[in-house]
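This report refers to the structure that appears directly beneath it.
A short reminder: the numbers here are calculations on the coordinates, not readings from a lab. Bear in mind the structure is a predicted one, so any value in this text is a computation, not a measurement. All Cβ positions, glycine included, derive from the backbone under ideal geometry; neighbour counts span all protein chains shown.
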Amino acid sequence: MPAGSTEAGPGVVLRAQDVRVYFSKKGFLEKGTVVKAVDGVTLSVRRGEILALVGESGSGKTTLGRAAIGLVRPSSGTIILNDGAEQEVGRARGRQWKALRKRLQMIFQDPFSSIDPNMRVYDALRIPLAAQGVRRREDVRARISDVMKRVGLPEQIINNYVFQLSGGQRQRIGIARVLIFDPVLVVADEPVSMLDASLKGDILHIIQNESRTNNVAFLFITHDMAVARVIADRIAVMYLGQVDEIGAAEATVLDPLHPYTKAMLQASPVIDTSLKDKIKKVNIIGELPQSTAHPSGCKFHPRCPYAMDVCKEQVPALKEVKPEHYVACWLY
Ligand code: SF4
């Protein structure tokens, strides 16, 4: 199955078809103003795969991640979860929605705000288990013991209060609270951006290990190409609510196709200078447009040094120009 397609191929756990998420902020913006946070995204995620969504703030990556797990309802398009049977994420209600929520989880950026600091670690993990109907003391202990090993924490700290933990330990407990649900797909929203460099590697290792060992798929949201390259199997580069390029992580970093991806890489410490020199320098013009005034045609055209007439008028489709490497650009 092609990497960027939405076909229900073997191993695909989630597929998004032409997903749009539009917001109209009444009372804040002028009447009738619409923010196109996600604007026609089509992609699929395989079981056990780490797909990085990379982009600047305002690219729509977090909104897409939230839509993928049903926290935001798409204005149009579909998101299908294949967890044994297929179901549309945005349409689940009642019991079906409750069951779905356990399988679709989210790791938040801020380990200090996602858990009540006055809770004991044991309770922080017991409560999600109780929500799944796991209440027998021995079962609870066994599940907590298992998940503590998976996130690399000593079992003794389950009697500590959350406020007694370090930032790294809190982020691990945040991840444990997600893994204890036995999810099939996790959206990790900038999970290491607030951590010291020394702790980042440990958290990335836990995520990678869960994808390889327990087949958990991750949508890994980051603005940092260096982190995406280390953690991801594939990278999708987003700009103003659309995916401009998607491909294997190494191919996207070492052989970028879209001018925006090239510019991002030039500005990033992701690759060494000798490799950077091989990527043709792209001098981006101007600033990111306002979220309420997206340009016509290719949204990148006002900033692109290669813009042609067609770019101003027609939206380029995401197409496969190298094996499993897709780009939306009229240059290809
Ligand atoms: Fe630049 Fe045109 Fe390609 Fe957009 S479609 S990135 S404007 S060359």
* Asked: Charges only on Cβ, +1 for Lys and Arg, -1 for Asp and Glu: so what's the dipole of the chain about the Cα centre, in debye to the nearest 20?
  -> 1020
* **Exposure proxy order (Cβ contacts within 10 Å, fewest to most) of 308, 238** => 308, 238
* Asked: Between residue 71 and residue 213, 0.36 nm times their residue separation minus their Cα-Cα distance comes to what?
  -> 48.4 nm
* Asked: Looking at 89, 297, 153, which one has the Cα that reaches farthest to the positive end of the dipole of region 12-327 (charges on Cβ: Lys, Arg +1; Asp, Glu -1)?
  -> 89
* Remind me, relative contact order of the chain in percent, using alpha carbon pairs under 8 angstrom and six or more residues apart? -> 21
* Structure fact -> The alpha-carbon center of region 125-190 and that of region 272-332 are separated, in whole Å, by 42
* Extension reserve of the residue 122-residue 78 stretch, reckoned as 0.36 nm per residue once the Cα distance is removed -> 12.0 nm
* **Qualifying trypsin sites (Lys or Arg not before Pro) for region 135-179 [loop in DSSP, other Cβ within 10 Å: at most 16]** => 135, 136
* Structure fact -> With a Förster distance of 22 angstrom and the Cβ-Cβ distance between residue 99 and residue 292, calculated FRET efficiency to the nearest 0.05 equals 0.05
* Asked: Is region 135-264 best put as rounded, prolate or oblate by its Cα gyration tensor, with a ≥ b ≥ c the root eigenvalues, rounded for a/c under 1.5, and otherwise prolate when a/b is larger than b/c, oblate when not?
  -> prolate
* With a cut-off of 19 Å, note down the residues of region 280-318 whose backbone N falls inside the zone around a label point 7 Å from the Cα of residue 33 toward its beta carbon. => 287-296
* **Relative exposure of 107, 144, judged by other C-beta atoms within 10 Å (fewest first)** => 144, 107
* Structure fact -> With 0.36 nm assigned to each residue of separation and the Cα-Cα distance removed, residue 22 to residue 161 gains 46.0 nm
* Starting from the Cα gyration tensor of the chain, take the square roots of the eigenvalues, sort them a ≥ b ≥ c, and report rounded, prolate or oblate (rounded when a/c is under 1.5, otherwise prolate if a/b is larger than b/c, else oblate). => prolate
* Exposure proxy check: 24, 268 ranked by fewest other beta carbons within 10 Å? -> 24, 268
